[in-house]
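What follows is one structure encoded as structure tokens, with my remarks underneath.
The values are calculated or read from the model by the stated rules, or taken from the named source; none is laboratory data. Fair warning: this is a prediction, and the values are worked out from it, not measured in the lab. Note that we place each Cβ from the backbone using ideal geometry, even for glycine, and neighbour counts take in every protein chain shown. Note: areas computed on protein heavy atoms with side chains; ligands, DNA, RNA excluded. Shrake-Rupley method; radii C 1.70, N 1.55, O 1.52, S 1.80 Å.
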4 protein chains.
Amino acid sequence: MTEAVAPRKGRPRSADADVAILAATRAALAELGWGGVTMGDVAVRAGVAKTTLYRRWPSKNELVVDAVAVLFDELEMADLGSLRADIESVVRQFADLLARPESQAALLALFAEASRDPALRRRVREAIIHPQKRLVHQGRAAAQARGELAPDASPEAADADVDIIFDTIAGTVEHRMLVSGECADPEWISRFTTLLLTPLTALPQNPAGSV
Amino acid sequence: MTEAVAPRKGRPRSADADVAILAATRAALAELGWGGVTMGDVAVRAGVAKTTLYRRWPSKNELVVDAVAVLFDELEMADLGSLRADIESVVRQFADLLARPESQAALLALFAEASRDPALRRRVREAIIHPQKRLVHQGRAAAQARGELAPDASPEAADADVDIIFDTIAGTVEHRMLVSGECADPEWISRFTTLLLTPLTALPQNPAGSV
Amino acid sequence: MTEAVAPRKGRPRSADADVAILAATRAALAELGWGGVTMGDVAVRAGVAKTTLYRRWPSKNELVVDAVAVLFDELEMADLGSLRADIESVVRQFADLLARPESQAALLALFAEASRDPALRRRVREAIIHPQKRLVHQGRAAAQARGELAPDASPEAADADVDIIFDTIAGTVEHRMLVSGECADPEWISRFTTLLLTPLTALPQNPAGSV
Amino acid sequence: MTEAVAPRKGRPRSADADVAILAATRAALAELGWGGVTMGDVAVRAGVAKTTLYRRWPSKNELVVDAVAVLFDELEMADLGSLRADIESVVRQFADLLARPESQAALLALFAEASRDPALRRRVREAIIHPQKRLVHQGRAAAQARGELAPDASPEAADADVDIIFDTIAGTVEHRMLVSGECADPEWISRFTTLLLTPLTALPQNPAGSV
DNA sequence: CGTTAATCGAGACGGTACGTCGTGTCTTGGG
DNA sequence: CCCAAGACACGACGTACCGTCTCGATTAACG
């Protein structure tokens with residue numbers, strides 16, 4: 001049992017407050033963008049004192065991570081019967097997520113902040129990166145079960161494959177939508193999936209088959 | 001000649017100041033990160049009054065764009081005789097650039113700010129995005145001249161190809177280095193180039209050949 | 001019997017707590033001054049929860065009144081056989097009391113607060129002013145008994161006399177010690193007593209004899 | 001030339017701001033009392049940024065000293081031809097001053113704060129105490145010139161006399177009005193003046209003549 | 001060669017948000 | 001009913017930057 005809940009003394013923290021604060025944070029992000037999010041404003045929106053925010057999150061950054069993290073929990077790898085369909089589904093889900101104003105406002109800013117703050121970086125990894133990477137693992141395993149991909153040569157090679165595919169999918173979609181500022185319509189998704197699929201399904205004897 | 005310098009009256013602006021300010025901005029970025037860069041601090045570092053900064057740049061964001069833009073001007077597409085070599089060269093240059101603390105601190109933050117500020121977005125595109133995209137155009141043209149790639153089916157198709165390749169290269173390298181936080185060593189670059197090269201050089205009759 | 005203690009149900013209040021709290025308040029006053037006294041800090045010093053403080057005193061002000069009030073209970077009018085000796089004795093006691101850091105820190109601040117808060121004003125009067133005024137009454141009665149002072153012309157005149165003498169003694173000693181910041185050594189006390197004694201013992205037919 | 005005005009650089013401080021801030025401080029004192037005076041509120045009332053307050057005064061205490069100091073500058077010793085008339089005039093002026101809500105709110109609180117803060121104590125002395133003490137010196141000199149008081153035995157004795165008279169007048173009037181909370185009407189002033197005058201004009205051979 | 005006008009440094013200015021602290025209340029679990 | 005612990009809403013604190021402004025002092029080109 002990992003939940004060794006210390007029977008804490010004093011008034012317990014309000015669970016409602018957490019929910020209200022995170023929702024208020026997302027609302028503020030969507031309305032005002034990253035720069036417009038203010039601890040004081042979030043507190044007012046959530047009907048909560050500023051002190052309560054600071055008692056639970058050390059700063060705006062960690063608060064925003066938690067606020068947007070739930071969005072990434074909704075991503076899921078539905079086994080659709082073919083690698084192409086699975087990839088397209090994941091890319092579409094990710095594109096939909098990036099189309100929401102709250103994630104748009106938060107994502108790049110969080111990554112930028114995280115590049116300076118190790119604690120924040122850890123939090124971002126656990127709350128945002130890992131849930132996404134999990135999908136790649138799942139899709140890869142499903143494709144291997146179907147015989148579309150060769151089985152793992154070694155655990156290390158498998159991890160390297162997952163990493164490069166994950167960075168390519170996440171980075172490319174983010175760059176197109178958030179930097180280039182263009183939408184990811186079905187046609188683009190199809191083209192991008194083709195681009196990905198070609199090397200993945202190249203002849204296994206070709207060393208490049210394991211990218 | 002576009003430099004139609006109106007021979008204005010009064011004391012001319014100091015050219016030294018521009019150089020000192022941009023250098024000071026890069027230094028502050030490298031030392032303190034995006035959040036640590038302050039107009040007042042940059043002014044002090046450059047030995048210049050705050051007024052002088054604001055007379056030349058409307059705000060911190062535009063100043064930082066110009067300060068890091070010069071780094072992107074150094075990127076160049078050297079025709080090395082093969083598409084693989086050209087791609088690897090460009091990726092390596094881009095990875096080297098992203099390894100510098102000043103660009104790390106600035107890039108994602110600028111993209112995040114730009115997603116809310118249209119004027120900044122334009123400036124970012126001109127100073128940072130276009131110089132990079134130019135390389136893709138050049139490399140593609142060289143490869144076509146060498147016969148490694150099929151000629152353009154149409155100008156629109158060519159643009160779409162350039163866009164998707166550009167987003168993939170830039171996005172993936174940025175994601176690996178700035179978000180995943182891992183380095184882009186020669187081995188990774190080689191693997192990533194293979195991943196890119198496979199669909200590009202697939203049989204032309206294959207519709208996927210034009211990604 | 002005024003102590004009609006209603007035999008209330010439930011756990012009785014700890015008597016130790018009162019003592020500990022008042023002592024902690026005086027200690028905090030002496031160490032940190034008026035501004036440094038904090039309900040939270042007093043609670044910690046007294047080893048008591050903040051709730052316990054507020055259950056017994058409505059606010060910091062009333063707590064401090066009670067904390068310093070006991071100091072004023074120590075003042076006493078010892079009949080030393082002459083009006084001069086009695087006055088000098090009282091002034092010396094009062095000067096000694098004002099030399100303590102806790103009363104220095106509290107007295108003026110309490111008076112200042114009381115000038116805005118009627119409830120506090122009442123409490124200050126009962127706990128601090130009246131015990132002092134009592135001494136003047138006692139000394140005056142003793143002097144009359146000894147024939148040093150004329151008997152009361154009327155109760156109203158007596159009250160007016162006591163008031164003016166009390167304000168003069170208390171105000172002057174406080175002003176010298178707390179505002180001018182100088183000590184009240186025996187020599188100064190003697191001079192001040194002379195100043196007081198001269199009009200008091202002036203010929204009774206002189207209307208000024210009754211100041 | 002004591003005004004060695006350093007030819008300061010940069011934008012000079014607004015003189016209007018000083019006036020507006022001090023007036024706003026007095027208004028806030030009169031309306032809300034000591035506890036109600038807030039730096040933010042004063043800034044708003046004065047139409048000024050909080051920064052501007054803090055640039056000129058290190059804290060609320062020093063600000064209030066300067067704000068009420070001007071009230072004490074209005075006190076003056078008008079030579080009315082007799083020591084009694086002069087004393088009654090001064091006492092009346094001081095009583096009138098203490099009847100104003102802004103001085104009532106400020107005075108005791110300032111004295112209380114000053115008892116802990118040496119810098120504030122100095123400021124209070126220069127801005128409030130000294131202007132008052134000056135009056136005692138002037139009145140004494142005038143009375144000596146008229147022959148109502150004996151000339152100085154020595155400078156030290158003169159200072160001691162001034163000190164004790166000053167503490168007696170200031171302390172007693174303050175105590176009656178601010179602590180006892182009663183008014184100083186002409187009758188009380190007359191009685192108090194008599195109390196003071198008797199020892200002052202006692203026979204010079206009487207050692208008590210020099211109180 | 002003086003006038004004129006834009007530049008420069010310095011720093012004060014009105015704002016806004018910050019993160020902390022103190023107050024007095026409320027809510028737990030446990031005497 | 002009391003108590004310790006501690007969360008809570010509220011509001012002031014003093015600081016840091018922002019981007020603007022007002023100074024006196026330079027520093028060219030123009031007349």
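Key figures for this structure:
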item	result
Checking B:VAL19 against (1) more than 9 Å from DNA strand F (Cβ to nearest atom); (2) closer than 21 Å to B:GLN132 by Cβ, the condition it does not meet	(2)
Total residues in the range A:176-188, condition within 19 Å of the chain's Cα centre (by Cα) and crowded, with 19+ Cβ neighbours inside 10 Å	5
Check on D:VAL173, open to solvent by less than 20 Å² (accessible area, probe 1.4 Å) and more than 14 Å from the chain's Cα centre (by Cα)	no
Any hit, the range A:24-38, residues being more than 21 Å from B:ARG116 (Cα to Cα) and either charged (D, E, K, R) or crowded, with 16+ Cβ neighbours inside 10 Å (or both)	no
Residue satisfying all of: in the range A:45-68; touching a residue at least 40 places away in the same chain (Cβ under 8 Å) and near DNA strand F (Cβ under 9 Å from one of its atoms); nearest to A:LEU29 (Cα to Cα) among these	A:ARG56
Unique residue being out of contact with any His (no Cβ under 6 Å at 6 or more places or on another chain), in the same structural domain as D:PRO101 (by TED's automatic domain parsing) and at pLDDT below 90 when the list is D:ALA142, D:ALA153	D:ALA153
Test: C:PRO101 is within 20 Å of D:SER115 (Cα to Cα), open to solvent by 20 Å² or more (accessible area, probe 1.4 Å) and of a type outside the set (Val, Ile, Thr)	yes
Condition check for D:ALA160: touching a Pro at 6+ places or on another chain (Cβ under 7 Å), more than 30 Å from C:HIS130 (Cα to Cα) and open to solvent by 10 Å² or more (accessible area, probe 1.4 Å)	no
Count of residues meeting criterion [within 16 Å of DNA strand E (Cβ to nearest atom) and either hydroxyl-bearing (Ser, Thr, Tyr) or away from every other protein chain (no Cβ under 14 Å) (or both)] in the range B:24-39	4
Search result, residues across the range A:69-80 that are part of a loop (DSSP other than H, G, I, E, B) and in contact (Cβ under 8 Å) with a residue 12 or more places away in the chain	A:GLU74, A:LEU75, A:GLU76, A:MET77, A:ASP79
Residue identified as within 15 Å of DNA strand E (Cβ to nearest atom) and part of a helix (DSSP H, G or I) among B:VAL19, B:VAL65, B:VAL48	B:VAL19
Test result for C:THR172, at the interface with another protein chain (Cβ under 7 Å from one of its Cβ atoms) and over 25 Å from C:VAL37 (Cα atoms)	yes
Qualifying residue in the range D:97-109 (condition: away from chain C (no Cβ under 14 Å), without any contact (Cβ under 8 Å) to a residue 40 or more places away in the chain, within 20 Å of D:HIS130 (Cβ to Cβ) and part of a helix (DSSP H, G or I))	yes
